[in-house]
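**Q** Pasting a structure here, questions to come.
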Ligand code: AR6
């Protein structure tokens with residue numbers, strides 16, 4: 001727990017009611033970045049980003065939580081998508097979830113021996129998900145901490161890549177089309193990692 005940073009980044013409890021409360025999430029980088037600790041399935045944002053696997057047919061972790069909350073129709077749509085490559089993303093309807101769309105991205109299974117390749121794939125997840133959000137005219141996107149659970153990516157390195165990829169996108173032409181990018185953390189290790197790294201990429205405004 002770092003006192004100064006916890007003042008800067010209030011980790012808010014999620015309110016399942018539509019959009020309003022999210023605007024209160026501590027915002028930095030001209031209000032375009034938010035951070036929330038909690039369950040991503042409760043967020044009524046444009047898109048939530050699922051940490052899926054190449055089959056897109058469901059699994060454990062946040063993927064399991066999203067499929068449970070969306071209901072059985074989600075996997076039926078996923079079955080029509082023909083899977084997804086590592087570092088890439090596909091989009092579906094949300095079914096029973098309160099968001100407008102679900103973006104399924106496939107993070108790398110972390111392997112220290114292939115660190116550079118893992119980093120490129122993880123950047124690809126964030127970039128492709130942001131692109132899909134813009135292409136679908138969605139204004140807000142909430143990311144789970146891709147690859148940091150079952151796929152074993154160390155949280156500090158993953159948070160740095162997430163921030164760097166999002167910043168690069170927001171600095172580009174398409175970045176102006178998004179109102180807000182929200183990082184959703186669930187476990188303390190990821191909340192700590194984002195508290196450390198966010199101010200370096202997005203100085204509080
Ligand atoms: N809301 C937000 N974040 C969550 C939630 C939730 N409800 N539940 C877990 N997390 P993981 P991966 C966090 O393991 O590492 C699946 O089986 C969790 O704390 O879900 O990319 C897929 O099908 C962690 O920080 O995804 C794949 O086979 C983050 O979500 C594989 O796991 C990602 O952890 C993907 O592994």
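**Q** Can you put 147, 155 in order, fewest other beta carbons within 10 Å first?
**A** Ranked by crowding around the Cβ, least crowded first: 155, 147.
**Q** Another question about this same structure. Which of rounded, prolate, oblate describes segment 74-205, given a ≥ b ≥ c as roots of the alpha-carbon gyration tensor eigenvalues and a/c under 1.5 marking rounded, otherwise prolate only if a/b is larger than b/c?
**A** Details: a/c = 1.57, a/b = 1.16, b/c = 1.35.
Cα axes put segment 74-205 in the oblate bin.
**Q** Report the extension gain between residue 112 and residue 136 in nm, rounded to one decimal, defined as 0.36 nm multiplied by the number of residues separating them, less their alpha carbon distance.
**A** Value of the extension gain: 5.1 nm.
**Q** If we count other beta carbons within 10 Å of each Cβ, what is the order of 49, 106, fewest first?
**A** Ranked by crowding around the Cβ, least crowded first: 106, 49.
**Q** Right, here's the next one. How would you order 52-60, 72-80, 40-48 from highest to lowest mean count of nearby Cβ atoms within 10 Å?
**A** 40-48, 52-60, 72-80
**Q** Can I ask one more? How would 186, 194 line up from fewest to most surrounding beta-carbon atoms within 10 angstrom?
**A** 186, 194
Where a number appears in this text, it was derived from the coordinates with a stated rule and is not lab data. Just so we're clear, the structure is a prediction, and the values are computed from it rather than from any experiment. Cβ sites come from the backbone with ideal geometry, for glycine too, and all protein chains shown count toward neighbours.
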